[in-house]
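The values are calculated or read from the model by the stated rules, or taken from the named source; none is laboratory data. Quick caveat: nothing in here was measured; it's all calculated off a predicted structure. Cβ sites come from the backbone with ideal geometry, for glycine too, and all protein chains shown count toward neighbours.
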Amino acid sequence: MSLEQLTRLPLLAGRLVRPRRRGHADPVLIGCGLICAGLLALALIGPVLTPYPLDQTDILNASQGPSAEHLLGTDSLGRDLLSRLLAGARPSITAPAVIVLASTTLGVIVAVFAAWRGGRVDRVISRMLDVMFTVPGLLVAVIAAAILGTGFWVPVAALTVTYMPYIARIVHSAAIRECRLPYVEACQLAGLSSWRICTRHILRNIAPLAVAQATLAFAWALMDFGAISFLGLGLQPPAAEWGSMVNEGRADLLTGAIWESMTAGVLIVLAAVSFNILGERLAARIGDGS
Amino acid sequence: MTFIAKKLAAGAATVLASSLIIFLALSRAPGDPVALILGPHATNAERAAMSARLGLTDPVLVRYWHWLTDALHGDFGNSLLYRQPVSGLLGPRLMTTLILVGLSALIAVATGVALGIFGGVTPRARPLVSAVTGVGTALPGFVVSSALISIFAVNLAWFPTFGAGHGFFDQLWHLTLPAIALAMSSAAYVAQMTAAAVNDEAGREHVATATGRGLPRSVVLRRHVLRNAAIPVLTVSGLTAASLVAGSVVVESAFGIDGLGSLLVKSVASKDYPVVNAASLVIVIVFVAVMTVLDISQTALDPRLRERA
């Protein structure tokens, strides 16, 4: 693989978006930001707002559309869909949040360390990141489920490990550029410690890039975790989670009862699209600055 | 020619390393194959005999060596669940998955490159292309699958709801919806990257020079813009094709297609480790093969990469 080009690729994301001039508000960015904030809030308070208990079944009213009692209808066991969607918000949103926080933290540490040390350390770490980068996260998560079992933490850990090199590679190329700037040498001459230069100066300057890429990665982590749940390798029933709800509603699809798959699917798409576009817009703004 | 040999060797080494990692990881998995085969009523002597016959008493590296030499002869052991040779399970399913991934790669690259070039060369359409691709890349395969099944298979009844079909044309018909579901987000990603690459090239000095020399716009586009944009587009297309291999796991399960991916998921759920081992390795091989072909074609197209390597 021509690695130089590959590393550049993710940086192209957001290039299509024409960056706004400084000081001009970007309505799309604000809109997506609000939706993302709303979804994060939903993860926090969603489980408290449920009108019905999660596992209260009502076979006589199974697979119904929206009604006064069940605002979004019921699933194939007659459970209230609104309640399950609200409760499902917590794992569905928390999982990508944990994955992104952990992989970004690890990735930034590895990237800055390699860039700062340079030389052979840098070459070895970069080569390892290049190899890890090509490993598909979904596949690792599926095999991890075979070895470590299903649940919340196994796919989260597997995806964290496979997302780390993605973040690290982008941050690494930015950190290398940063280390070559004259101010770093000036700091060294002024007698600042490596730790201080890295944390106070380099880290601060590459933080916006890391945040933009982490936002983009949030969208992918959300989709990947949803896919693992959809495959039945994530949280197990009767727990509610959006990806597994899309799966549980599949049998109903064939008889035309689309509510469970559709409502959960729409929420996943809404969340993924909002985080994706927010990340692109943030990346475009930074591209403007440098 | 040496660079091709080098890339092939690197690909083979990757597959070998992955096979070792997967084997070691699975050997740590919980579950007892002896109990699974003999059932709960076996005596301790029977258990010991079976465990020796399966070679479970050997050190793990010895077992890996036996597994590897057998695998190179096409013998991946027996499925614990289906009670038949794993290789017999893999063969037909590999074909289905290859057709699905191939069809989907074709759709993704064709629509992605077309949309990307359109967005790249017509500045007025760029916000539209940017919006479409921004939404498109965030459409997960399993959600698109459910939507397509509901609309085109159940309501309109244009396509079958599940299965892979028999015979080439029947298979194509069965695999059309799954291929579209699988291609959707990749097509948007290819479009995004193509538009960015075309846009980048269009702003270069040599393009301005060509326009200044009075060359017709179509010639400038073909000779100066698209030709240079082709290399990053090829890279993205190849990477996308590779990611489709992983994505097929989800879409096959969504459409109930008997492919490699759905076999892997089923065997993971039923703890059928010989199948998990072989199926994941075959998926890794397909993945590495796509990456190696990409790598070689890229180097062949751009001699600068060859000199650097």
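Residues in region B:119-142 that are more than 9 Å from every other protein chain (Cβ to nearest Cβ), free of Cβ contacts under 8 Å to residues at least 40 places away in the same chain and not hydroxyl-bearing (Ser, Thr, Tyr): B:123, B:124, B:125, B:128.
For residue B:122, the requirement of being crowded, with 17+ Cβ neighbours inside 10 Å and among the hydroxyl-bearing types (Ser, Thr, Tyr) is not met.
Can you pull out the helices (runs of 4 or more DSSP H) entirely within region B:1-105 that have at least 1 residues that are within 25 Å of the chain's Cα centre (by Cα) and more than 14 Å from chain A (Cβ to nearest Cβ)? The qualifying helices (runs of 4 or more DSSP H) are B:2-27, B:60-72. Taken over region B:178-228, the criterion of being within 14 Å of chain A (Cβ to nearest Cβ) and of a type in the set (A, V, I, L, M, F, W, C) is satisfied by B:181, B:182, B:184, B:188, B:190, B:191, B:193, B:195, B:196, B:197, B:198, B:202.
Comparison of A:144, A:114, A:87 shows that the only residue that is under 27 Å from residue B:282 (Cβ atoms), buried (at least 16 other Cβ atoms within 10 Å of the Cβ) and not acidic (Asp, Glu) is A:144.
Each row is one residue, and each column tells you yes or no for (1) at positive phi; (2) within 21 Å of the chain's Cα centre (by Cα); (3) in contact (Cβ under 8 Å) with a residue 60 or more places away in the chain.
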| site | (1), (2), (3) |
| --- | --- |
| A:158 | no, yes, no |
| A:189 | no, no, no |
| A:198 | no, no, yes |
| A:201 | no, no, no |
| A:219 | no, yes, yes |
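Within region B:258-272, not a single residue is surrounded by fewer than 24 Cβ atoms within 10 Å (Cβ to Cβ) and touching a His at 6+ places or on another chain (Cβ under 8 Å). Taking region B:139-234 as the region of interest, the helices (runs of 4 or more DSSP H) fully inside it that hold 3 or more residues being in the same structural domain as residue B:297 (by TED's automatic domain parsing), within 22 Å of residue B:247 (Cβ to Cβ) and at pLDDT below 80 are B:168-202.
Scanning region B:46-101 for residues that are basic (Lys, Arg) and either in contact (Cβ under 8 Å) with a residue 12 or more places away in the chain or under 30 Å from residue B:182 (Cα atoms) (or both) gives B:47, B:63, B:93.
Please state which of the following conditions residue A:67 fails to meet, knowing it meets all the rest: (1) polar (S, T, N, Q); (2) free of Cβ contacts under 8 Å to residues at least 40 places away in the same chain; (3) in a helix (DSSP H, G or I). Among (1) polar (S, T, N, Q); (2) free of Cβ contacts under 8 Å to residues at least 40 places away in the same chain; (3) in a helix (DSSP H, G or I), residue A:67 violates only (3).
Applying the condition of being in contact with a Phe, Trp or Tyr (Cβ under 8 Å, 6 or more places away or on another chain) and either of a type in the set (S, T, N, Q) or surrounded by fewer than 23 Cβ atoms within 10 Å (Cβ to Cβ) (or both) to region B:149-160 and asking which residue is farthest from the other protein chains (Cβ to nearest Cβ) yields B:158.
I'm trying to understand the selection: among the residues of region A:247-281, which are surrounded by 22 or more Cβ atoms within 10 Å (Cβ to Cβ) and assigned to a loop (DSSP other than H, G, I, E, B)? A:249, A:258, listed by residue number.
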